[in-house]
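J.: The structure that follows is given in the form of structure tokens.
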Amino acid sequence: MKPVKYSYGITGALLLGGATISMITGQPAGAQVAQNDSAPMSNIVPRAGAPASFADLTEQLQPAVVNISTRQSITVEAQGNPFEGTPFGQFFQQQPRQQGPQTREAQSLGSGFLVSADGYVVTNNHVVAPDARATLEEVTVTLPDGREYEAELVGTDPDSDLAVLKISRGEPFPFVRFGDSSEARVGDWVIAIGNPFGLGGTVTSGIVSAVLRNVGSGAYDRYLQTDAAINRGNSGGPLFDMQGNVIGINNAILSPSGGSVGIGLAIPAEVAAPIVRQLIAGEAIERGFLGVQIQPVDEDIADALGIERNRGELVQGVQPGEAADDAGLRAGDVVISVNGEDVTPDNTLSFIVANIAPGTRVPLVYIRDGERRRTNVTVGRRPSAEELARQQMFQDEEDEQGAMTPEGSSSLVQDALGIQAIPIDATIARQLGVSTDTRGLAITAVAPGTDAERRGLARGVMILSANGRPVPTLEALEQVIAEARDAGRGAILLRVQARRGQPQSVPVRLIAE
């Protein structure tokens, strides 16, 4: 389970390793076994009003809900002396068995559900890829009758946290269908089926607590909220409506303790179903992208600009060369609608744009200097999470002429660490949001696959010292590297600070000459 701390002190947790969450909305038929290509079992139609029992519905749905377990291998680079070059280095003794990369096994446990008679299984991406460093060795799908099948990973979409698996056998599998989550209403009954804590075939019930729930977790932050109990291991399991349709895929919970407290979040079927279809078809998942940094319009911003509160999003920065830049947007604009859809807290700019096909030209309405304006924008392609991490944008566009560039970076630093960096001057300091008297180096690029990248160093991270010595210039860092190599050391200890972060010490291995 991966906890995410929210500003209001509540933990949002992905339901992995025996935990899952449930949500509601949708209208699929009960679990079906295809007698032929077009003859599913008949649907169960429950009585109107509150159900006297969920037993009949559960009996039909449960055969299509599966347990998913994985085995991964994780290679961990052995650490050198983290105190090398400091007064404490002599007290650190590394054991011989710790030399070289170490491999360990990890496991995860979650839920999923069959969506076709030929064995396609839907689950969360974090169930099958819980650790970015891991190599997936094996995925096992277990049906409620106890039969196990080795699964093939068909495709994943980390941005939406969805994955599709495939299992095979001679006879058709029971399956369920996606419903229309857009029809879900607050107060509708729902049931969640999954494998919390490895307890197979667990059924819980509740209602839809909210639709279009935004918890600030990312660009595709739009969930169904339910009070049906979900816990670790429920991740990837279905949330059903009373017609047996999957209206949500249990994904996370909000909890101060990590356990279920009645706030579960599910990926709506209207978001998940198109992505699942694309993954099954082997198609690339492409999303729209404007290339802006944005901030919701809160009461203070609305008062300052004289505009309506909770309507639109404020542009904090525009990435040069991207769609918004080409359309003439600039920092300080407030985008209020795109392609005819209003930008609101429940319908964010990121979500709207992400669901527009790249290359599509759409109208965009914004406010500048109190005046409502309109332009057309050709939506770009959203980079992958990895690409976005490597091209961190800097906020102060007014300082663009002094923006950080790789020119002047040291070849020795690049060859030894895989890093390009430049000295921090007053202009760079303002871009990074630190005091103008800050001294050190600002990283402008990090070579993929290097130890520096694995340690989390990236564009915009500041290097304050190396092996305990200040490095206000590239020459100062070069000297530390040269001394470390002369002493036969394989790493140096950098004191670094990310934007809006706290300084921390990070050992980085030197690249062999």
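J.: Taking the mean number of other Cβ atoms within 10 Å as a proxy for protection, how do you rank 346-359, 237-250 from highest to lowest? Don't skip to the end; give the middle numbers.
T.: On the way: 346-359: 18.6, 237-250: 31.3.
So the order, starting with the most tightly packed, is 237-250, 346-359.
J.: Give me the net charge for the shell around residue 309: Cβ to Cβ below 11 angstrom, other residues only, Lys and Arg +1, Asp and Glu -1.
T.: Values: positive: 311; negative: 298, 299, 300, 303, 308.
Combined, the nearby Lys, Arg, Asp and Glu give -4.
J.: OK, next. Quick one: Debye curve from the alpha-carbon atoms of segment 288-381 only, equal weights, vacuum; give me log10 I(q)/I(0) at q = 0.20, 0.21, 0.24 Å⁻¹ to two decimals.
T.: -0.88, -0.98, -1.29
J.: Next question. In segment 146-257, if every C-alpha pair distance is counted and binned at 5 Å from zero, what percent goes to each bin?
T.: 2, 10, 19, 22, 22, 14, 7, 3, 1, 0
J.: Find the eigenvalues of the gyration tensor of the Cα atoms of segment 204-328, then list the square roots of 5 times those eigenvalues as equivalent ellipsoid semi-axes, largest first, in whole angstrom.
T.: Working: eigenvalues 209, 96, 31 Å².
Calculated on Cα positions only, the semi-axes equal 32, 22, 12 Å.
Every number here is computed from the coordinates shown, using simple stated rules; none is lab data. It should be emphasised that the depicted structure is a prediction, and the values quoted were computed from it without experimental measurement. Cβ sites come from the backbone with ideal geometry, for glycine too, and all protein chains shown count toward neighbours.
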